[in-house]
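To start, the structure itself, in structure tokens.
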Amino acid sequence: MCSYIVEKARLYGVAKGPNSAWMTVDTANVYYDHPYEAQLDHALCVDFVCDRDGARERVAIEISRESALDLIEKINAALASGDAAHAQAAACSLAGSQAEVERLF
């Protein structure tokens, strides 16, 4: 049975498909249902579109449930480690700048 239940996520970003230019994406249509192409009974499907432009083009993925859960874990890990690294770099940059200013006087 197809549920046709779609969750919409608002995005700010760009996407690129094969043989296409970069396109603005402002929406991800996310659903767990029968895929169009993937050889799976059910798949997590995500269509990245620009609703503002009428969603004429899309970049789509169809992945297994297990792949989706692993991807969620990796996205969270990348965000956490990236936030930590950028916070540390900002602190070092500020500390370095302050020390350089103090040396001038």
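Overview of results
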{"read-out": "Residue within segment 20-31 that is part of a helix (DSSP H, G or I), surrounded by 10 or more Cβ atoms within 10 Å (Cβ to Cβ) and among the β-branched types (Val, Ile, Thr) present", "value": "no"}
{"read-out": "Restricting segment 1-12 to residues that are surrounded by fewer than 10 Cβ atoms within 10 Å (Cβ to Cβ) and either of a type in the set (Phe, Trp, Tyr) or within 14 Å of the chain's Cα centre (by Cα) (or both), the residue that is farthest from ALA55 (Cα to Cα)", "value": "TYR4"}
{"read-out": "Flag for GLU73 being under 18 Å from the mean Cα position of the chain (by Cα), surrounded by fewer than 17 Cβ atoms within 10 Å (Cβ to Cβ) and charged (D, E, K, R)", "value": "yes"}
{"read-out": "Unmet criterion (only one of (1) surrounded by fewer than 16 Cβ atoms within 10 Å (Cβ to Cβ); (2) within 18 Å of ILE72 (Cβ to Cβ); (3) not basic (Lys, Arg)) for TYR36", "value": "(2)"}
{"read-out": "Tabulated pairs, segment 14-34, first under 15 Å from ARG56 (Cβ atoms), second of a type in the set (Phe, Trp, Tyr) and in a loop (DSSP other than H, G, I, E, B), C-beta under 8 angstrom, 6+ apart or interchain", "value": "ALA15/TRP22"}
{"read-out": "Hits in segment 44-56 - residues which are surrounded by 15 or more Cβ atoms within 10 Å (Cβ to Cβ) and without any contact (Cβ under 8 Å) to a residue 24 or more places away in the chain", "value": "CYS45, VAL46, ASP47"}
{"read-out": "Out of ALA55, ALA43, ALA15, ALA38, sole residue that is on the phi > 0 side of the Ramachandran plot and in the same structural domain as CYS2 (by TED's automatic domain parsing)", "value": "ALA55"}
{"read-out": "Matching residues, segment 55-85, being within 21 Å of TYR12 (Cβ to Cβ), modelled with pLDDT under 95, outside any strand (DSSP E or B) and not hydrophobic (A, V, I, L, M, F, W, C)", "value": "ARG56, GLU57, GLY82, ASP83"}
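The values are calculated or read from the model by the stated rules, or taken from the named source; none is laboratory data. Remember, predicted model here, so these are calculated numbers, not experimental data. Quick reminder, even Gly has a Cβ in these numbers, built from the backbone with ideal geometry, and neighbours come from all protein chains shown.
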